[in-house]
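In what follows, a structure is listed as structure tokens, so that the remarks can point back to it.
The values are calculated or read from the model by the stated rules, or taken from the named source; none is laboratory data. No experiment lies behind these values; they were computed from the predicted model shown. All Cβ positions, glycine included, derive from the backbone under ideal geometry; neighbour counts span all protein chains shown. Calculation scope for accessible area: heavy atoms of the full protein, side chains included, ligands and nucleic acids excluded. Shrake-Rupley method; radii C 1.70, N 1.55, O 1.52, S 1.80 Å.
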Amino acid sequence: YFLAFDKKIPSRIQTLEEVKARVTINFKSAEARRLAEEEGTAFHSRLVKEMSEENTFEEICKTANLAVVDLPAFSKRTPSLKELSGKASLTSLRNKAMELSPGEISGFSKASQGGFIVYLENKEPASEESMKEELPAILTSLQRSRSFEAYSLWLQIQIKQAGLTEPEPKEEPA
């Protein structure tokens with residue numbers, strides 16, 4: 001591969017007029033994220049207090065004019081949920097949900113569209129049918145990853161015993 005610059009762009013300090021629109025957009029975005037985090041944290045405190053007074057999660061959210069997204073059952077291996085549709089990262093949501101026990105709520109978590117709080121209604125064990133269906137694929141995947149780990153460890157030991165090191169990058173003449 002060969003990489004070359006088409007033209008050299010001289011460095012200079014841009015004028016206020018050139019950067020004003022971009023700076024304004026970035027500032028508004030940062031302020032919106034900061035305010036969303038403050039509001040989310042404040043709502044979490046209110047949620048904890050009101051749930052201890054026997055109010056339901058849905059009632060409290062409805063009173064606060066916040067959307068409740070009721071998600072279907074999912075597992076650590078669920079690749080996506082259409083209900084999230086870009087509102088939050090499934091990985092972040094899944095990690096929060098896996099830390100909770102039924103009836104618990106998570107803290108506020110920042111997301112691309114503001115943030116979220118997870119309320120875990122219940123945890124259901126996997127059905128026998130899905131276990132029978134998915135177990136062979138899970139075992140195969142686990143076997144592959146363990147084999148790769150063993151090979152990597154063996155290779156590191158071989159490299160160390162052979163005294164091999166990565167070559168130093170060659171300096172090109174000026």
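Brief remarks follow.
- Any hit, the range 142-159, residues being part of a helix (DSSP H, G or I) and of a type in the set (Asp, Glu): yes
- Which numbered condition Pro79 misses (of (1) part of a helix (DSSP H, G or I); (2) modelled with pLDDT under 85): (1)
- In this structure, Pro125 qualifies as in a loop (DSSP other than H, G, I, E, B) and surrounded by fewer than 11 Cβ atoms within 10 Å (Cβ to Cβ).
- Options Lys132, Lys110: the member that is open to solvent by 50 Å² or more (accessible area, probe 1.4 Å), more than 19 Å from Pro72 (Cβ to Cβ) and either touching a helix residue (DSSP H, G or I) at 6+ places or on another chain (Cβ under 6 Å) or not in a helix (DSSP H, G or I) (or both): Lys110
- Odd one out for Leu47, checked against (1) more than 28 Å from Glu31 (Cβ to Cβ); (2) aliphatic (A, V, I, L, M); (3) part of a helix (DSSP H, G or I): (1)
- Close pairs (9 angstrom Cβ cut-off, 6 or more residues apart or separate chains): open to solvent by 70 Å² or more (accessible area, probe 1.4 Å) in the range 45-62, in a helix (DSSP H, G or I) and at pLDDT below 90 anywhere: none
- Of all residues in the range 82-100, those being in a loop (DSSP other than H, G, I, E, B) and open to solvent by 60 Å² or more (accessible area, probe 1.4 Å) number 3.
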